[in-house]
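A short worksheet on the structure shown next.
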Amino acid sequence: MIAIIKYNAGNISSVQNALTRLGFESIITDDAETILSADKVIFPGVGEAGSAMKYLTEKGLDKVILSVKNPILGICLGLQLMCETTEEGNTKCLGIFNSKVKIFPPTAIVPHMGWNNFSSISGCLFKNITTDNDVYYVHSYYAEISGQTAAVCDYIQPFSAAMQKGNFYATQFHPEKSADIGEQILLNFLEL
Amino acid sequence: MLKKRIIPCLDIKDGRTVKGINFVELRDAGDPTELAKKYVEQGADELVFLDITATIENRKTLIELVKQIALEINIPFTVGGGINSIEDVANLIKAGADKVSINSSAVKNPALITEIANQFGSQCVVVAIDTKFENNEWKVFVNGGRTPTSLKTIEWAKKVEQLGAGEILLTSMNNDGTKAGFAIDITNKVSKAVNIPIIASGGAGTKDHFKEVFEKTLATGSLAASIFHYGELSIPDLKDYLRTEKISIRCK
């Protein structure tokens, strides 16, 4: 079973729709046991980091996420919340990845919205994926590049398009909204 | 590099796609989900669905349609038309829309922009601005372009950015339906006045028009309806052309 973590972040159903299209059953849940016993966990997110982190802490989901032993995939805000801190609401995050999340300087259009590519890919998420592909991004904050960066995107400046540390995976882009290439990346995760 | 977006717009009436405005008969263009799937297959970068009836009874039909589209489509899509309250937005987002587009209701109640941004994030609020050049200035119109307002276009664009809009869909009423090209002047001015993405709309007739709007303005997306529906221009042909003209475009 695939568990999609339920919290106060919008558009969680689009992740479930993507899994359904790929033929995978999933459950949207905030129940610790269900999450910890799931084969795969997805930690999605569109929203504001401060209130999302507050909600996770209040529900004890922060500790649950840190305890997940099976592969877990953070998406967009999910990736950012898996970092150390974010400038959005000056929030302390889960600290899985040793990157800080910063706001884009207003030297180009913000949010970074639309299709962009990635480079320097590594790890299982990018099996059968080449760097001439575009994926869909929409974000105003970015995670710095660190030793756990698994793909780089360059918009205003290079940032982490994907990250990985052990069983923790994350993408800044939205694989569930990135057409065929996004589906391949999701499949790569689901087949881990 | 961030790619320029090609965005087909589907007009929805009673749960069906309709096409043609200047044609004698308003023809049913079929099932919106099927048409949307075809555009996704052809390489559309996003889709916009505009509910042109927007009565209470039809809202239910629309919500059902949005659910169906969300299940089948693997790219982002925006839903607009008749959205007046945060409840309307919540229903559409819950049904699976990625973004909502508001127009007259944003003018009537600018606080709605902030309310949506706070609850669902700026990225999901598209403010549609219908503008017309009249008496030597670009002004904002509402109610499907029927009602003039006292708002000046550039000032209103800056205001909606400040209120939390994540994107502006700018339609020039002077150009809409003419197939003579996008309104370069106002699109350029608005795209330089704000720091959020601008989608240019109204007037697309040829491939060159898309090239022109991307070269001469900072718009990151362009929207068109009839030229795609009628098959006058296919998305793959358009994207091939723009690529050869060195416009940054997503390969399918």
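The values are calculated or read from the model by the stated rules, or taken from the named source; none is laboratory data. All values reported here derive from a predicted model rather than from experimental measurement. Every residue, glycine as well, gets a Cβ built from its backbone with ideal geometry; the counts of neighbours run over all protein chains shown.
When A:Pro106, A:Pro111 are checked against the criterion of being out of contact with any strand residue (DSSP E or B) (no Cβ under 6 Å at 6 or more places or on another chain) and of a type outside the set (A, V, I, L, M, F, W, C), a single residue qualifies: A:Pro106.
In this entry, A:Gly182 passes the filter for residues that are farther than 21 Å from A:Pro105 by Cα, more than 11 Å from the chain's Cα centre (by Cα) and within 14 Å of chain B (Cβ to nearest Cβ).
Taken residue by residue, segment A:1-17 has no member that is part of a helix (DSSP H, G or I), basic (Lys, Arg) and in contact (Cβ under 8 Å) with a residue 12 or more places away in the chain.
The rows are residues; the columns are (1) within 11 Å of another protein chain (Cβ to nearest Cβ); (2) among the small types (Gly, Ala, Ser).
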position: B:Glu72; (1), (2): yes, no
position: B:Gly81; (1), (2): no, yes
position: B:Asn84; (1), (2): no, no
position: B:Asp88; (1), (2): no, no
position: B:Lys94; (1), (2): yes, no
position: B:Ser101; (1), (2): no, yes
position: B:Ala106; (1), (2): no, yes
position: B:Ala111; (1), (2): no, yes
position: B:Glu115; (1), (2): no, no
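Scanning segment B:225-249 for residues that are buried (at least 23 other Cβ atoms within 10 Å of the Cβ) and either at pLDDT 95 or above or β-branched (Val, Ile, Thr) (or both) turns up B:Leu238, B:Lys239, B:Ile249. If you go through segment A:1-23 and keep only what is surrounded by fewer than 16 Cβ atoms within 10 Å (Cβ to Cβ) and more than 14 Å from every other protein chain (Cβ to nearest Cβ), you end up with just A:Met1. Taking segment B:105-119, which residues are free of Cβ contacts under 8 Å to residues at least 40 places away in the same chain and either touching a strand residue (DSSP E or B) at 6+ places or on another chain (Cβ under 8 Å) or among the β-branched types (Val, Ile, Thr) (or both)? The answer is B:Lys108, B:Leu112.
Residue-by-condition table, conditions (1) within 14 Å of chain A (Cβ to nearest Cβ); (2) under 18 Å from the mean Cα position of the chain (by Cα); (3) of a type outside the set (A, V, I, L, M):
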residue: B:Val142; (1), (2), (3): no, yes, no
residue: B:Thr149; (1), (2), (3): no, no, yes
residue: B:Glu161; (1), (2), (3): yes, yes, yes
residue: B:Ala165; (1), (2), (3): yes, yes, no
residue: B:Ile168; (1), (2), (3): yes, yes, no
residue: B:Met173; (1), (2), (3): no, yes, no
residue: B:Asp176; (1), (2), (3): no, yes, yes
residue: B:Ala183; (1), (2), (3): no, yes, no
residue: B:Phe210; (1), (2), (3): no, yes, yes
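Only residues that are of a type outside the set (Asp, Glu), outside any loop (DSSP other than H, G, I, E, B) and at the interface with chain B (Cβ under 9 Å from one of its Cβ atoms) were counted in segment A:169-179, giving 2.
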